[in-house]
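Below: one structure, written as structure tokens.
The values are calculated or read from the model by the stated rules, or taken from the named source; none is laboratory data. Computed from a prediction, not measured in an experiment: that's the story for all the values here. Cβ: placed from backbone, ideal geometry, glycine included. Neighbour counts: every protein chain shown. These area figures cover heavy atoms from the full protein model, side chains too; ligands, DNA and RNA do not enter into them. Shrake-Rupley method; radii C 1.70, N 1.55, O 1.52, S 1.80 Å.
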Amino acid sequence: MSGAAATEPRLSGRRGGSVASKALRRRNTIAGWSFILPNFLGFGLLTLIPVIALFYIAFTKWSAFGNPEITGLDNFIRLAKDPTFWTALWNTLYYAVVHIPLTLALSLGLAILLNQKLRGLAFFRSAAFFPYFTSIVAVAQVWNMLLAPENGPINQFLNFVGISDAPGWTSSATWAMPAVIIVGTWREMGYYMLLFLAGLQAVPQELYEAARVDGANAWQRFTNVTLPCLRPTTFFVTVMLTIGSFKVLDLILVMTNGGPGTSTLVLSQYIYRMGFERNDFGYASAISLVLFLICLLVTVVQFVHNRRREA
């Protein structure tokens, strides 16, 4: 009897501890969901549901009034025959192919420069990051004045140094896209500079010291120590740059509005025109689906390539 009596308190204690641990886990679960739920609801309402709806509307004819009329592949057949769509696709690829490596190289170079022990380093880092959180409208308007063909300071400087045939920049079909790329790179490289700077400060200094002992020069230390250690950061920056470059809209909308002609018209702006200016939401959704698939394909290729390099 005494053994049974001694065992009973132990069992009751275990049951009490189990109930208390379950209650604690339940409270932690509720607390976790209370933090996650608002963001998840916002994502679901503003992103997930519209994306799901996109896959349906892309196969319909709909002007936002009445019920969508299912048309099958008509929108995509129309895309294949639409010269403006192909122009917008080419301009989007042009912007991405030039903007991504240019921003990547300049932001990395700026990060390496600002990773040194310099006087006033905090000021220079802040100045490099300042354009990123400045209003895109203000940035575009200021650069439009700087790039004005006749009396802009940039062309006046080019004339001063002996270049008589200065570019027309945003008024020229040839130079409008390079002008947009220059402004986009200038605005965004400060943000990616901070990401590279964080990656550089995580590189163990012992690796640099070992490389110096082995007789490696600055370039060899950069290629054999810095770049391999920055591979995760470089991959993340490349993915973010790729997605941002393919869906660029606001800068082009304010600087050139797709002109002159269609020389800077990109897919995002073409989607906006077809959807909100012409009320052809079915066709705009088809273009959006193509843009989504392009971004998805490029991102998957980047992930596969990165995984093979790490293997």
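Tabulated results
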{"read-out": "Number of positions in the range 241-267 that are open to solvent by 20 Å² or more (accessible area, probe 1.4 Å), touching a residue at least 24 places away in the same chain (Cβ under 8 Å) and within 17 Å of the chain's Cα centre (by Cα)", "value": "4"}
{"read-out": "Whichever residue in the range 123-152 is modelled with pLDDT of 90 or more, among the hydrophobic types (A, V, I, L, M, F, W, C) and more than 15 Å from residue 188 (Cβ to Cβ) and, among such residues, is surrounded by the most Cβ atoms within 10 Å (Cβ to Cβ)", "value": "147"}
{"read-out": "Residue match in the range 105-112 (condition: crowded, with 17+ Cβ neighbours inside 10 Å, touching a residue at least 12 places away in the same chain (Cβ under 8 Å) and under 22 Å from residue 259 (Cα atoms))", "value": "no"}
{"read-out": "Top-ranked residue of the range 201-229 - restricted to ones that are surrounded by 12 or more Cβ atoms within 10 Å (Cβ to Cβ) and β-branched (Val, Ile, Thr), ranked as nearest to residue 105 (Cα to Cα)", "value": "226"}
{"read-out": "Verdict on residue 130 being touching a residue at least 40 places away in the same chain (Cβ under 8 Å), over 24 Å from residue 292 (Cα atoms), part of a helix (DSSP H, G or I) and not small (Gly, Ala, Ser)", "value": "yes"}
{"read-out": "Condition met for residue 70 (in contact with a strand residue (DSSP E or B) (Cβ under 7 Å, 6 or more places away or on another chain) and farther than 19 Å from residue 267 by Cα)", "value": "yes"}
{"read-out": "Qualifying residue in the range 34-55 (condition: within 30 Å of residue 277 (Cα to Cα), surrounded by 15 or more Cβ atoms within 10 Å (Cβ to Cβ) and not aromatic (Phe, Trp, Tyr))", "value": "yes"}
